[in-house]
1. Does ALA396 satisfy the condition of being surrounded by fewer than 17 Cβ atoms within 10 Å (Cβ to Cβ), part of a helix (DSSP H, G or I), out of contact with any strand residue (DSSP E or B) (no Cβ under 7 Å at 6 or more places or on another chain) and in the same structural domain as LEU58 (by TED's automatic domain parsing)?
2. Is there a residue being touching a His at 6+ places or on another chain (Cβ under 9 Å) and outside the structural domain of THR75 (by TED's automatic domain parsing) anywhere in segment 152-173?
3. Would a scan of segment 141-156 turn up a residue that is among the hydroxyl-bearing types (Ser, Thr, Tyr) and modelled with pLDDT of 95 or more?
4. Please give the number of the condition THR340 fails out of (1) farther than 30 Å from ASP233 by Cα; (2) without any contact (Cβ under 8 Å) to a residue 24 or more places away in the chain; (3) among the polar types (S, T, N, Q).
5. Could you list, in sequence order, the residues of segment 293-338 that are loosely packed, with under 14 Cβ neighbours inside 10 Å, assigned to a strand (DSSP E or B) and of a type outside the set (D, E, K, R)?
6. Kindly check whether there is at least one residue in segment 164-174 that is over 25 Å from VAL28 (Cβ atoms), among the small types (Gly, Ala, Ser) and surrounded by 13 or more Cβ atoms within 10 Å (Cβ to Cβ).
7. Starting from segment 205-216, keep only residues that are free of Cβ contacts under 8 Å to residues at least 40 places away in the same chain, then list their pairs with residues that are surrounded by fewer than 21 Cβ atoms within 10 Å (Cβ to Cβ) whose Cβ atoms are within a distance under 7 Å, requiring at least 6 positions of separation or different chains.
Amino acid sequence: MNHPVLVLGGGMGGMTAALELAETGKEVVLVERESYLGGNVARFHNYFPKLCPPACGLEINFRRIRSNPRITLLTGTILSHLAGAMGDFEATLQRKPEWINDNCTSCGKCAEVCPVERSGGVGADLNRKAAYLPGGIPFPMRYAIDEAVCRMSDCGKCLDVCEYQAINLNAEPVEMVRKVHAMIIATGWQPYDVRRIENYRYGEEPDVITNLEFEEMLSAAMRGQRPLARPSDGKKPDRVAFIQCAGSRDQQHLSYCSAVCCSASVKHALTLAEDHSGIISEIFYIDMRLTGRNELLLRKAEQHEAIRMTKGKVGRISRGGTEDGLILEVEDIMKGIRRTDTFDLVILASGLVPNALLPDLGTGTGGFFAQNQIEGIYPAGSCKRPMDVAGTVRDATGAAIKAMRQ
């Protein structure tokens, strides 16, 4: 193997593949489009099977990457073109301007003096500066600049306070060409755009959010040591509804099961029951699809007095003239009735769709990468099919083995 292996994606799958290759002596170029590693998992509050914070797994991987000289890490970078064949691919990489470089010590002075605010997500502070530390567990641990709102041409206050010459507002994008032996695609997933499900009113009602946004909300509440608060008015929700298959198993949206949504909702309901007393959760589902050890957590949820399980499809969400909550219209299949009920917060278990697909590569159902590509290209993890973190780690290890055998 004369050239390194290119690993595309810096989430759990990409990090796993890169480490498995590097720790067997192979050179690796690890490419991530964001300014930090960790992918969606870095935004999680906790995850299966132990309901522990993601830091327990991510920090180990970060330390292994930091200490391994065989891994070349390129954040803020995308693959724009790939040519050649196995053993002698030519990858063209585009790197965004590096406004803040590795000299950054995360002191935060740039954010303190930054006069420009940008809107944050549901789980973040509602207003963040244009110079900010990415949420979750950022690695590399350095600030970033949101070029969409930063007034670079007429401000520069961050330059005056940075003692380490870590900021370059004149940075330019960089194109680089690398010869690589093989490529592992681990670009991961993103939530389905649930705005397309018009009867759920996502984007219209601030208290209708996705399960990934709820992860961030739980994480922000834990970091700030404050009660959970709904987005509309900052009040603690008393009743929370989880709507399963928001887009999945629906011929008008995603025809497939997204595999992890049931586990995520059970995890969220258990987290509320154990860490946020006084909140009643109700999960509305078609079928609860949990396997292995996760089924034990389903049994625990079914027996918990603060969690209710209702087999039935939610048809519509509305305000209905009330200012205190959202009205759900539900078909309760087991009771054979239609009911309406009011909730303070609604969590949509949005389906998973593959992330950043590349042209000229084979895809299958739902646009996921097909397993059989040209020789030397190996999809791994949830860009290949919906899977949980443990499954992603196993699949990425398998992809690494395939790449090192060639």
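The values are calculated or read from the model by the stated rules, or taken from the named source; none is laboratory data. Small disclaimer: the values here were computed from a predicted structure and weren't measured. Note: ideal-geometry Cβ built from the backbone for every residue, glycine included; neighbour counts use all protein chains shown.
1. Details: surrounded by fewer than 17 Cβ atoms within 10 Å (Cβ to Cβ): no; part of a helix (DSSP H, G or I): yes; out of contact with any strand residue (DSSP E or B) (no Cβ under 7 Å at 6 or more places or on another chain): yes; in the same structural domain as LEU58 (by TED's automatic domain parsing): yes.
So ALA396 fails the test.
2. Step one: of segment 152-173, the residues touching a His at 6+ places or on another chain (Cβ under 9 Å) are none.
Checked segment 152-173: no residue is touching a His at 6+ places or on another chain (Cβ under 9 Å) and outside the structural domain of THR75 (by TED's automatic domain parsing).
3. First, the residues of segment 141-156 that are among the hydroxyl-bearing types (Ser, Thr, Tyr): 143, 153.
In the following step, the residues that additionally are modelled with pLDDT of 95 or more were identified as none.
No.
4. If we test THR340 against (1) farther than 30 Å from ASP233 by Cα; (2) without any contact (Cβ under 8 Å) to a residue 24 or more places away in the chain; (3) among the polar types (S, T, N, Q), just (1) comes out false.
5. Across segment 293-338, the qualifying residues are GLY315, ILE337.
6. Keep residues of segment 164-174 that are over 25 Å from VAL28 (Cβ atoms), which gives 164-172.
Restricting the remaining residues to those that are among the small types (Gly, Ala, Ser) gives 166, 171.
With the extra rule that they be surrounded by 13 or more Cβ atoms within 10 Å (Cβ to Cβ), the set shrinks to 166, 171.
Yes, some residue in segment 164-174 is over 25 Å from VAL28 (Cβ atoms), among the small types (Gly, Ala, Ser) and surrounded by 13 or more Cβ atoms within 10 Å (Cβ to Cβ).
7. So the pair list comes out as PRO206/PRO231; PRO206/SER232.
Yes or no, residue by residue, for (1) modelled with pLDDT under 90; (2) under 17 Å from the mean Cα position of the chain (by Cα):
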{"site": "PRO4", "(1), (2)": "no, no"}
{"site": "VAL7", "(1), (2)": "no, no"}
{"site": "GLY14", "(1), (2)": "no, yes"}
{"site": "GLU23", "(1), (2)": "no, no"}
{"site": "VAL28", "(1), (2)": "no, no"}
{"site": "GLU34", "(1), (2)": "no, yes"}
{"site": "ASN46", "(1), (2)": "yes, yes"}
{"site": "PRO49", "(1), (2)": "yes, no"}
